[in-house]
Amino acid sequence: MVKSRLDSRQLLTRLRDTLAEDGDGQQRLDHITQLVAAGVGVEVCSIYLRRDRQTLELCATEGLKQESVHVTRLRYGEGLVGRVAKEASPVNADDATTEKGFRYMPETGEEMYSSFLGVPIQRLGEVLGVLVIQSKVQRKYSDDDVYALEVVAMVIAEMKELGAFVGDGEAMTAPHQRPIMFTGASAQEGAARGNVLLHDPQIVITNPVADDPEEEKKRLNDAMDSLRISVNDMLSATKKDSDDEQLEVMEAYRMFANSKGWRTRMEASIDSGLAAEVAVEKEQSATRARMARVPDPYLRERLHDLDDLSNRLLRILTGQGRSAGDPLPENPVLVARNIGPGELLEYGKDLRGIVLEQGSVGSHAAIIARAWAIPMIIHADNITREALNGDAILVDGDQGLAHLRPDDIVASAFNDKIAMANQAQERFSAIRDKPALTKDGIKIDLMMNAGLLADLPSIDSSGAEGVGLFRTELQFLVRSEMPKRTDLSRQYTRVFDGAKGKPVTFRTLDIGSDKVVPFLKPEDEPNPALGWRAIRISLDKPGIMRMQLEAILRASKGRPVNIMFPFVAQFSEFIDAKAMLDKTIENELRLGHTIPSDIKVGAMLETPSLAFAPNQFFEMADFISIGGNDLKQFFFAADRENERVRRRYDTLNVSFLTFIELITQRCDEFNTPVSFCGEDAGRPLEAMCFAAMGLRTLSMRPASIGPVKDRLMSVNLADAKIAIDEARLSGDQSVRDRIRKWYSEQR
Ligand code: PEP
Ligand code: MG
């Protein structure tokens, strides 16, 4: 195989010459397989290319039977070649026949070859095909060999004619005409109308091979210097008008721009013969393949920062793509696979909407979008393949929908929706400062859920009566290291200040399950939602919670506070957590610190078990908050993150509603205030039914407060309860249909 970097460079130079020769694409592919087989000293070299999203086709081979070319096909994931494509990573086997997933394809005559090395041919993280070498002798290829073959695959990926072979290549580049709707998830509510602004650079690389590696390294280093300067500038600009969370994010970003490892890996690729741009792309492809594999959302975000920096570096190196200062299209709606905080900050607040294929509600981009109140959709699969710059697009941030190139009917329905939303908004604004009083005079307290400093200004705009749930873990999730007590205390003081005297309920750290904190080693658990999470971690490893409790107490500066423990499944956990708080209060007093004038201590009821806790629990708790998101998933044994089962069980299911009623009755028996803070509290019909079941406090996203208040003010709760009771007797599984009908008849 390739003995030294020099060999690999020679091979690349020959490849480059082949690519420059006259001849059609097939001839070039054939020539490449011959060159690679000879250059690396193996009997077989084959190129498989993607026919469609599921199939690979053998398009050229040196060593296998020529009759099988354009005949042999494999599905993604099928055989070793399919595995390389599916996992976007190499398979290196000294005896292919014993390798997991091996599939013998008789028409190729490959039975005599033992060793197999396959690497993905990919461009900008998209797998276009697989490059394979095989030989008769059993041998495991070295890491250098794998690397060298990956470098060759990078050059093949840059071949201009590849599009003609990659089955859906044409479809990928042809301007699409048809209207198409994307169903994603909402990361920020609101509606927007505008034109697509594609974020990922569409960069053309003319010469993938380095003639002079020293010169290429100099180009790379110069570009990295410019990158660092621009990131530093961005950081200074951010410092002026951003909060701590944005700064954290930007610091992590700067760390990557200065990463030695990143530079060293790219220089090694240049030494192997690649041009600087292709070296950047090679790293970028590896990063994207890792992104698709890592389950840890925080790590994915970090990898995305690196992806974002690679895009910038490519723009600097090639001088192509949009650069800072270029004018934006009219009403720009940013469309991207994902976006890092740096690039989003650079686009600025002029964006009308953001639509991403990936991302998450807690992502850095979402934090900024929320701070700017820009409607944002995540998980809009494949939109970057379908959208073209300038296409008309409608963003429905409430439903998590994007309509690309909408037809007239959709566009006019959307306009109606915006007009209605504006009208409704006017109605909600008019009642913003009024209490949520039902027609029969029952007052429901409407609070808001928050988790970041950026959420707090909504307390005024929504008319929330306080923060019913402050999810403290969000601030941990965006950090790269454990916060110090003084940092936390400073942030919590800003939460108290932002609440302007309205009550705030801090929930202690609710980590574990899907909320993986970057600086704590994740547990490898078979069933994380049922695993070591929330209060279970805090009680077993009390250090963080103690520090957090101190930070909350000090941040209060004497103001009253509510503290709530998440995921309490049995009374003894509440006793232990409360004892920890009592001890912390005692310590604070001994140290001479001011403590809050009033401290109420509550528990989240998120497992059915707590509803049946001993009476003493209800006596001891100052308040209880029903975490409906978790409670529902455990009540129905249906994972809240699993789309297949999530919607299968209705919140207004008779069983669940009756269970909520039982909880309120137990709380009432002991005069323990009870609220509901899961997502369902923000849905008007559900909120009305919860109130009818006896709940008097609901906590929800700020944007939901107006619609919920509007609904509550329009009903007689006693009548609603009668209607629900009748519906419960009807035998229907859910009361939804009957209650919806009843409500519409009331109006
Ligand atoms: C809940 O489970 O309903 C809740 C409010 O907590 P989280 O969504 O943060 O788990
Ligand atoms: Mg929960």
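The values are calculated or read from the model by the stated rules, or taken from the named source; none is laboratory data. The structure displayed is predicted, hence computed values, not measured ones. Cβ coordinates were reconstructed from backbone atoms using ideal geometry, including for glycine residues, and neighbour counts include every protein chain displayed. Calculation scope for accessible area: heavy atoms of the full protein, side chains included, ligands and nucleic acids excluded. Shrake-Rupley method; radii C 1.70, N 1.55, O 1.52, S 1.80 Å.
Short-range pairs are left out: with C-alpha atoms under 8 Å and at least six residues apart, the relative contact order of the range 550-631 is 38 percent. If R0 is taken as 35 Å, the Cβ-Cβ distance between ARG385 and PHE102 corresponds to a FRET efficiency of 0.65. Cα convex hull, the range 8-172: 99 Å³ per residue, rounded to a whole number. Each Lys and Arg contributes +1 and each Asp and Glu -1, all at the Cβ; summed about the Cα centre of the range 436-746, the dipole is approximately 700 debye. The convex hull drawn around the Cα atoms of the chain, when projected onto a plane and averaged over every direction, covers 35.5 nm². Note on the range 362-420: percent of Cα-Cα distances in each 10 Å bin, starting at 0 and stopping at the bin with the largest distance, equals 19, 48, 30, 3. Solvent exposure of the chain amounts to 42 Å² per residue of accessible area, where only protein heavy atoms count and the probe is 1.4 Å.
Spin-label model, GLU330/ARG263: points 7 Å from Cα along the beta carbon direction are separated by 4.6 nm.
Were the residues from ALA637 through GLN26 laid out at 0.36 nm apart, the gain over their Cα-Cα distance would be 214.5 nm. Rg/Rh for the range 549-636 stands at 1.04; both radii use Cα atoms, and Rh follows the Kirkwood definition. In this rough spin-label picture, where each label sits 7 Å from Cα along the Cβ direction, the LYS502-LYS218 distance is 6.2 nm. Using +1 at the C-beta of Lys and Arg and -1 at the C-beta of Asp and Glu, which of TYR113, PRO707, ILE374 has the Cα lying farthest in the positive direction of the dipole of the chain? Highest projection toward the positive end goes to PRO707.
Estimated from the Cβ-Cβ distance and a Förster radius of 60 angstrom, the FRET efficiency linking ASP582 and SER412 is about 0.45.
Mind checking which lysines have their C-alpha under 19 Å from LYS140, skipping anything on the same chain fewer than 8 residues away? Hits, sequence-local ones excluded: LYS3, LYS100.
Extension gain, LEU520 to GLU669: 0.36 nm times the residue separation minus the Cα-Cα distance gives 49.5 nm. Charge dipole of the range 8-172 (Cα centre as origin; +1 on each Lys and Arg Cβ, -1 on each Asp and Glu Cβ, all else neutral): 300 debye, rounded to the nearest 20. Potential lengthening of the chain between LEU591 and ASN629 amounts to 9.7 nm, from the contour at 0.36 nm per residue minus the alpha-carbon distance. Largest to smallest in accessible area, the residues HIS31, HIS403, HIS70, HIS199 fall in the order HIS70, HIS31, HIS403, HIS199 (1.4 Å probe, all protein chains included). Among 426-434, 581-589, sorting by the average number of other beta carbon atoms lying within 10 angstrom of each residue, highest first, gives 581-589, 426-434.
Working from label points 7 Å from Cα in the Cα-to-Cβ sense, the ASP487 to GLU43 distance is 5.9 nm. Its DSSP H runs of at least 4 residues, each contributing -39,500 (n - 2.57), put the calculated 222 nm mean residue ellipticity of the chain at -14500 deg cm²/dmol, to the nearest 500. Straight-line reach from LYS521: taking Cα to Cα under 14 Å and skipping same-chain neighbours fewer than 8 places apart, the aspartates and glutamates in range are ASP296, GLU481.
Each pair of Cα atoms in the range 436-746 enters the Kirkwood radius, and Stokes-Einstein at 25 °C and 0.890 mPa s then converts it into a translational diffusion coefficient of 122 µm²/s.
Expressed as a whole percent, the accessible surface of the chain that belongs to carbon and sulfur atoms is 49, based on a 1.4 Å probe. Past 27 Å, Cα to Cα, is the threshold; run LYS443/LYS600; LYS434/LYS557; LYS260/LYS282; LYS65/LYS136 against it and keep the listed order. Among LYS443/LYS600; LYS434/LYS557; LYS260/LYS282; LYS65/LYS136, the Cα-Cα distance tops 27 Å for LYS434/LYS557.
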